[in-house]
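Where a number appears in this text, it was derived from the coordinates with a stated rule and is not lab data. Remember, predicted model here, so these are calculated numbers, not experimental data. Neighbour counts run over all protein chains shown; Cβ positions are idealised from the backbone, glycine included.
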Amino acid sequence: MASPSSSGFERLFEPKTIAVFGSVKRDKIGHQLITQLSAGGFPGTIVAVNPNAESPPGYPQILGCSDLDQSPSSPDLALVAVPARFAEGVIRSCGEAGVPFAVVFTSGFSETGNSEEEQRLKNTAKSCGVRLIGPNCAGIMDTGSRLYASIEVRALPGKTAFITQSGAVGGAVLALAKTRGIGFSKFVSYGNRVDIGEVELLDYLDTDPGTEVIALYLESLQDGRAFMQAVRRVASRKPVVIIKAGRSVSGLRAASSHTGSLAGSDEIFAAMIRQSGALRVPGIEEMLDLCHGLAALPPMEGSRLAVVTNSGGPGILTSDRAEELGLQVMESPGQLRQRLESFLPAHCAFANPIDLTVEGTREGYRRTLQAVLDSEYDGVIAINVATPFLDSVDLAEGIAEAFAGRRQPKPVAAVFMAGEIVEQGIETLKRKGIPSFPTGERAAFVLSKMREYSCRAAGPADREEDRQRSGEADRGAETQKAVLPFGSGAPVPEPDAVSFLEEQGFSFPAHRYVTAAAQISEAVRGLGFPLVMKVVSPQILHKSDVGGVRLNLGDERQVEEAFADMARRFSAQEFRGVMIYRQVSGGLEVIAGIKQDPTFGPVVLAGAGGVLTELLRDSAVRIAPFSRPEAQEMLSELKISRMLAGYRGSAALDREALAELLVRLSDLAIRYPAVGELDFNPVFVQESGLLIGDVRIITETGQDQESSSSRAALS
């Protein structure tokens, strides 16, 4: 039987018949699932499948049967809550009965070290044509079809789909969301992800009419590049909000080069977020806040923010946080100030924040917000710091009235503080469709992220170019890859590396490779002085650390003496000669390079070079391939970017040439997947052009003839 693709997920989320496998006793998961389905109002047929053909206690209308042949209709979905050793047999019986989807709640698989049983489950499902969610998961929900096939709290209806790798995190999110009145269109906990994962779910949700925002909690990825492509496709139409667990340095893999050590796993994940157009949040509360804002508010088209408050302190804290996040809390323009002064008492503050004081009224909030929304501000945070004598419902009505019926709506985020004295006001805001946040700082975070999404969704042309380049690189990996002209699994000798890279269009100072003293006179002829000499040895990776680099060689005699000295000192380390370069003077020293990431494949890094590399750790990362504008964005992120533009009277340097170098590295990384790590350190960026001062290439063992497209998951 052919496996249905994500385009057939309607039977997963809108089943007409569900089979629940497992014990239906009151304390068992099977009974809990039937309770959830029934309490949620599932409109279809439920059958309980167990060896004794028992009906669940309290649900006599639900048929108990010992196998699927006794079901009155063919199930669209199986919910599996049997011991791990029986799960494979259940899936086989589902395949024989034509059941297309199964959600496996059962634990005791790879999460406990039982990978062999999990692999058998996966193989059986594939051979039988059954698509799986799980195992070791918390289930799925679709509030639109009243499907609550989960052991977690039933979600409220909403416009956000939530995909989570952790069932516990999923349950916590649903519970917190329910207390705040935040709803979901769909919920999927996919657990060990032996089959259906985040990539297929994203593609399905992209066209789901009930979903306007997608949120994900991730711990690992099976195929980082496929995930990035899926997010790119979806985020151009719907916001994608991501929490990524596992950000610590323990996730870094050992690296032999500066590029490898500077480009850690979390920096690369952050690059994926930026390049794909997703929005990253640090935790659960921020995710709920942002999804609530995105689903309930119109877009934040600009960065100009007004804060309307009845208390000075919270207004100032909100303004401080907003500016930290890149929003502009600009002073009220003259025309707005005049309008405010026409109806507000003189003791109010008319700058921004606009403080109505504790005497602020429903009418004061309404008219002030209307005036602000009519002005050049792009969004508003309305704060009510309540006291027992203030009517929070009345103030909420004033805020909602200002927002209602506007032809060109702008986002208004409410902050009602705090506790039980504002509960009724918050309920009023919910009914009126105005999202409320616990603090002004959290509201500022939401509007800043909404502004970020608007900027990305507006999308400069290069974003589409990057999407196309990346897609073409992934689709054509087999035809684009090329074989390196040297062996694998070891550092490449510098003469070979330089020769190879010059053929690829990279620029080095004039140079010669010298293996014997007798070659020196001819070698230095035409190079000019001063010169730089560097030892060539497969055993010496960091040449400067062992005295393998000599600078300022001013004549032929000094070159001969330096060669003799290196030949003597490094004779026991496979001395193979020296590289002699014309010494470069002036320019800014930059590092650039390639690293192969186990999740996302080839990445490119740029940063402060030379002696500043490890001191400043000033770097930016992008996943290859990317375009010239993306390379320019990389450079803008660096602390040294101002030096490229000319700092304190110094001449501007050739930023375009450096951006071109990064794009060339990006293309090289895709074409030659056997390049495991590559360092250019330093690159001398000059007023016109640039020159590469040193290169190090380390190839991946056994990768010369094969693409590195299959990547291990990275936690």
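Odds and ends about this structure:
- Compared with the dominant Cα axis of the chain, that is its longest principal axis, helix 392-403 is turned about 60°.
- Per-residue ³J(HN,Hα) for the range 621-637, Karplus 6.51 cos²θ - 1.76 cosθ + 1.60, θ = phi - 60°, Hz, x for Gly and Pro: 10, 9, 8, 6, x, 8, 9, 4, x, 5, 4, 5, 5, 3, 5, 5, 6
- Mean Cβ count within 10 Å, highest first, over the residues of peptides 674-687, 199-212, 328-341: 674-687, 199-212, 328-341
- Calculated P(r) tail over 20 Å for the range 298-434, as whole % of Cα pairs: 40
- FRET efficiency for LYS16 and SER454, using Cβ-Cβ distance with R0 set to 45 Å, rounded to 0.05: 0.65
- Relative to the longest principal axis of the Cα atoms of the chain, the long axis of helix 440-458 lies at roughly 60 degrees.
- Of the beta bridges in the chain, as assigned by DSSP with both residues counted there, near 50 percent are antiparallel.
- Rounded FRET efficiency, nearest 0.05, which uses the C-beta distance separating GLU331 from ALA482 and R0 of 56 Å: 0.45
- Residue-averaged [θ]222 nm for the chain, counting only DSSP H segments that reach four residues, each worth -39500 (n - 2.57): -11000 deg cm²/dmol
- Global geometry of the range 135-203, whether rounded, prolate or oblate, following the gyration tensor of its Cα atoms and the 1.5 cut on a/c: prolate
- Extension gain, SER115 back to LYS432 (0.36 nm per residue minus Cα-Cα distance, nm): 109.1 nm
- Compactness relative to 2.2 N^0.38 Å, alpha carbon Rg of the chain: 1.17
- Label-to-label distance for SER571 and ASP27 is 8.2 nm, based on points extended 7 Å past Cα in the beta-carbon direction.
- Backbone HN-Hα couplings from phi across the range 347-352 [Karplus 6.51/-1.76/1.60, Hz, Gly and Pro as x]: 7, 6, 9, 9, 6, 10
- Range of Cα positions in the range 510-582 per principal axis (Å), largest first: 31, 22, 18
- Computed FRET value (nearest 0.05) for GLU324 with ALA490, which takes r as the C-beta separation and R₀ as 60 Å: 0.80
- Simple spin-label estimate for LYS178 and ALA652 in nanometres, 7 Å along Cα-Cβ: 6.0
- Among 8-18, 509-519, the order from most to least packed when residues are scored by Cβ within 10 Å on average: 8-18, 509-519
- Degrees between helix 265-276 axis and first principal axis of the chain (Cα, 0 to 90, nearest 10): 70
- Rounded if a/c under 1.5, otherwise prolate or oblate - the range 6-211, Cα gyration tensor axes: rounded
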